[in-house]
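The values are calculated or read from the model by the stated rules, or taken from the named source; none is laboratory data. These numbers were taken from a predicted model, which means no experiment stands behind them. We place every Cβ from the backbone using ideal geometry, glycine too, and count neighbours over all the protein chains shown. Side chains included, ligands, DNA and RNA excluded: accessible areas come from the protein's heavy atoms. Shrake-Rupley method; radii C 1.70, N 1.55, O 1.52, S 1.80 Å.
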Amino acid sequence: MSNANALILVDIQNDYFTGGLWPVEDMDRVASQAAEVLHDARTAGEMIVHVYHEAASDSAPFFRPGTLGAQIHASVAPLKGEAEILKHRPNSFHETDLHTQLQAAGITHVTIIGAMTQMCIDATARAARDLGYDVTLVSDACGAKALSFNGVHLGAAEVQAAFLGPLAMSYAKVI
């Protein structure tokens, strides 16, 4: 592939949408933005990689193996010839052939979009940078989920900022 950039779509799966088992705030808007980024990457002839997560068991809270919820959302459905990678951990490189596929295609730069910013986007972006890729994150094509820890409650926008800020410092160009 002549273009040295790859678009990696991470976990844009049905369970993250309204009606799914683990909805992410404003996921319809995130997916709409992701679809635009995907269209642009396809038009530019970039390598496209769809990463999707399946849990280890049927009793998982979401992304249960073989379920409609674990399927990639129709708004960013893979086309024939686009890579699809199954993962079981937040880091899209962990125990997958993502790095091997990117290397084989001569990829030096990755653009990462998807969900959730505080888990799989963060883990994948850090791993990509550690593996030597230049990384771009498209902030409005990434979705976060509100969370609470130790009595502190953060809305999705605060979680998004809390994760993208540090990533922008040394792991990725955040646009």
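Within the stretch 54-90, the set of residues being loosely packed, with under 13 Cβ neighbours inside 10 Å and hydroxyl-bearing (Ser, Thr, Tyr) comprises SER57, SER59. Restricting to the stretch 100-117, name every residue that is at negative phi, in contact (Cβ under 8 Å) with a residue 40 or more places away in the chain and not in a strand (DSSP E or B). Result: GLN101, LEU102, ALA105, ILE107, THR108, MET116, THR117.
The set of residues in the stretch 158-175 that are in a loop (DSSP other than H, G, I, E, B), under 18 Å from LEU9 (Cβ atoms) and open to solvent by 20 Å² or more (accessible area, probe 1.4 Å) contains only ILE175. Residues that are within 20 Å of ALA125 (Cβ to Cβ), at pLDDT 95 or above and not in a loop (DSSP other than H, G, I, E, B) are absent from the stretch 54-70 altogether. Applying the criterion of being aliphatic (A, V, I, L, M), part of a loop (DSSP other than H, G, I, E, B) and touching a residue at least 40 places away in the same chain (Cβ under 8 Å) to the residues of the stretch 118-157, the residue that is surrounded by the most Cβ atoms within 10 Å (Cβ to Cβ) is ALA144.
Suppose we keep only residues that are outside any loop (DSSP other than H, G, I, E, B) and among the hydroxyl-bearing types (Ser, Thr, Tyr) within the stretch 11-40. Which one would you say is nearest to the chain's Cα centre (by Cα)? The extreme case among them is TYR16. All of (1) over 30 Å from GLY155 (Cα atoms); (2) at pLDDT below 95 hold for GLU95 with one exception: (2).
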